[in-house]
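Following: one structure in structure tokens, then a few remarks.
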Amino acid sequence: MSARAKIREPMIIVVGIGADGMAGLAQASRAELLNATVIYGSRRQLDLLDDSLSAQRRAWPTPMLPALRTLLEGSDGDVHVVASGDPLCHGVGSSLIRLYGAQHVVVLPHVSSVTLACSRVGWAVQDTEIISLVTNEPHTAVRRGGQAVVMSRDATSPAALALMLTDTGRGDSEITVLEQLGGPAERRRSATAHEWAARPPGDVDDLNVIAVRYLPDERRFAILPDEAFAHDGQITKQPVRALTLAALAPRPGELLWDVGAGSGSIAIEWCRSGPGCHAVAFERDEGRRKRITQNAVAFGARVEVHFGAPEAFEFVPAPDAIFVGGGLTRPGLLEACYDKLSVGGRLVANTVTVESEALVAQWYSRYGGALCRFDYQRGEPLGGFTGWRPAMPVTQWSVTKR
């Protein structure tokens, strides 16, 4: 080899494998595993490999992430990983690419459990939402309509989801639990969510996915009416909520802090606005914290609820955007919110009192942004006629941190 010849760096080869084991592998996938010297994977995936392989097998430890970060340390050659189905569909392949870059990771996918599930129930994949409960709580798979393939954490996921659907008024939803998809022990069972929650089978396999058709179909993609939320009157009204979401400008995967959250309506609308959007709601009142949780469950929103701001700021990840709907005049609150934003982060504050309005006017003078005042009126009965009843005007300050 020439002195100038470049030696190829070790690669991470991720091989997808189905419940049918090595018998279902494509030729290229089988060849990679035959050439491997060490293979990583979960114990279940490693047990699918047969004796034709001479590689050392190493099961992932718990927690798994530290092991992923050191995967190539001390390696003289390629490192092989086995993963379920398509490793890029809520799988370890995506995590490895984030850690090492696409140039260092090769993925050889198997048929995904999502595609297999859709083929069993006759759904078009492009019309089907994919939801993972591997790391998320069961309520995040609640929807107001449509269809989804839900990837389970373990054998308890179907019953947990069925109970959530029943408790949120979606007990008529049709669920099909598909176990060991593509393998010799494949099994399919269907029921309504109410039926499954009332009599959950005790023999569900850990390797399962759930095909759900959510009923009744009450999907709405616009800003929700006030009556869609449980609240005690402490709620950002629908017209102002629309203006507030426009100012917050959510982007996919971003985190919102909803400070002085009341019913959590802004946090929930944020979560509904785009894929991966999630929120933290800060609320001092215990009863309102319970309502926020209730509303989040009803809409399948990823909202983490905490006690008052700014005391709880240290316990949660940094936000991409902050909405302040209450407590503006609390000493140091606005300063704490602004300090927690990174450059490019957005802050929106709404107020209806003269004192809070004076405060945001000062901040507008100091940091710029946009200062707006909104007035709207509702038509209401007035004797035998209709008259206009004005709502309290709302002053809104919005700013992007520079």
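The values are calculated or read from the model by the stated rules, or taken from the named source; none is laboratory data. What you see is a predicted model; the values in this text were computed from it and never measured. A quick note on method: Cβ atoms are made from the backbone with ideal geometry, for glycine too, and the neighbour counts reach across all protein chains shown. Please note that ligands, DNA and RNA were not included when accessible areas were found on the heavy atoms of the full protein model with its side chains. Shrake-Rupley method; radii C 1.70, N 1.55, O 1.52, S 1.80 Å.
Grab the beta carbon distance between Glu227 and Thr353, set R0 = 30 Å, and tell me the FRET efficiency rounded to 0.05.
Details: r = 26 Å, r/R0 = 0.85.
The value I calculate is 0.70.
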Taking the highest mean first, how do the peptides 272-281, 59-68, 354-363 order by number of other beta carbon atoms within 10 angstrom per residue?
-> 272-281, 354-363, 59-68
For the range 169-263, max minus min Cα coordinate along each principal axis, in Å, sorted largest first?
-> 55, 27, 22
Just one of (1) 25.7, 96; (2) 26.8, 91; (3) 20.9, 63 is Rg and Dmax of the Cα atoms in Å calculated from these coordinates, so which is it?
-> (1)
Per the 1.4 Å probe, what fraction of the accessible area of the chain, in percent, lies on carbon and sulfur atoms?
-> 52 percent
Computed FRET value (nearest 0.05) for Leu72 with Ala361, which takes r as the C-beta separation and R₀ as 45 Å = 0.25
For the range 1-130, what percent of Cα pairs sit more than 27 Å apart?
-> 23 percent
Name the aspartates and glutamates eligible as straight-distance cross-link partners of Lys401: C-alpha to C-alpha under 18 Å, and not fewer than 8 places from it in the same chain.
-> Glu254, Asp258, Asp320, Glu335, Asp339
State the Cα centre-to-centre distance between the range 238-295 and the range 113-177 in whole Å.
-> 24 Å
Mind pulling the per residue volume of the convex hull built on the Cα atoms of the range 214-334? Å³ is fine.
-> 105 Å³
Starting from the range 221-306, pick out the chymotrypsin sites (Phe, Trp or Tyr not before Pro) whose DSSP state is loop and whose Cβ has at most 11 other Cβ atoms within 10 Å.
-> Phe221
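If you take the square roots of the eigenvalues of the alpha-carbon gyration tensor of the range 213-255 and sort them as a ≥ b ≥ c, do you get rounded (a/c under 1.5), prolate (a/b over b/c) or oblate? Display every interim value, and only then the final one.
Numbers: a/c = 2.07, a/b = 1.13, b/c = 1.83.
The shape class here is oblate.
For the range 90-213, what is the accessible area per residue in Å² when the probe is 1.4 Å?
On the way: 5570 Å² over 124 residues.
Result: 45 Å² of accessible area for each residue.
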